Amino acid sequence: ASRPQLASTPRDPDMRLLLLCALALGCSAFAPLPSKQQLRPTGRAAAASSIQMLRVCDITGKKANNANRVTFSNKHNAYWQYPNLQTKKFFSPKLDRTVKLKVATSTIRTIRKLGLDETAAKYGVDLAKF
């Protein structure tokens, strides 16, 4: 007592899989399947995911520190301690213009204490590049 097969259902399992994939992609059974390039996402979203901004202070070069978060049961879970970076405009009397920098808040305190040009000289940074 086998079930009767419908005339429109293919008996070959590979053909069934091909038709299911075509239907899932929204294609007609008679139209050719889209190529890999057509299936890839295009535009800004794909490009933006590959670009990463460095989280580094422009003056001091401070960057993320690898640390462990230790639980009560003494499990060690690795995580990153990022510097508190802020994008800020500073006026440089030496260059006689404003400079936009991404600096750590601790570096902002140093700039307020010593001045921008002296702080840049202390860390060996050329402000003309910013």
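Residues are listed down the side, and each one gets a yes or a no for (1) farther than 22 Å from M53 by Cβ; (2) in contact (Cβ under 8 Å) with a residue 40 or more places away in the chain; (3) in contact with a Ser or Thr (Cβ under 8 Å, 6 or more places away or on another chain):
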{"residue": "V70", "(1), (2), (3)": "yes, no, no"}
{"residue": "F90", "(1), (2), (3)": "no, no, yes"}
{"residue": "K94", "(1), (2), (3)": "yes, no, no"}
{"residue": "T98", "(1), (2), (3)": "no, no, yes"}
{"residue": "Y123", "(1), (2), (3)": "no, yes, yes"}
{"residue": "A128", "(1), (2), (3)": "no, no, no"}
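Suppose the filter is assigned to a strand (DSSP E or B) and open to solvent by 40 Å² or more (accessible area, probe 1.4 Å); does N74 pass it?
no
Just give me the residues in the stretch 112-130 being touching an Asp or Glu at 6+ places or on another chain (Cβ under 9 Å) and open to solvent by less than 30 Å² (accessible area, probe 1.4 Å), in sequence order.
Of everything in the stretch 112-130, those that are touching an Asp or Glu at 6+ places or on another chain (Cβ under 9 Å) and open to solvent by less than 30 Å² (accessible area, probe 1.4 Å) turn out to be A120, L127.
Looking at A45, A121, A64 in this structure, which one is among the small types (G, A, S) and modelled with pLDDT under 95?
Every option except A45 fails the conditions.
Being in contact with a strand residue (DSSP E or B) (Cβ under 6 Å, 6 or more places away or on another chain) and either at pLDDT 95 or above or surrounded by fewer than 13 Cβ atoms within 10 Å (Cβ to Cβ) (or both) narrows it down to one residue among V99, V103; which is it?
After ruling out the rest, the residue left standing is V99.
The values are calculated or read from the model by the stated rules, or taken from the named source; none is laboratory data. Being a predicted model, the structure only gives us computed values, none of them experimental. For neighbour counting, all protein chains shown are included, and Cβ atoms are generated from backbone atoms with ideal geometry for every residue, glycine included. When the accessible area is computed, the model is the full protein with side chains, heavy atoms only, and any ligands, DNA or RNA have been set aside. Shrake-Rupley method; radii C 1.70, N 1.55, O 1.52, S 1.80 Å.
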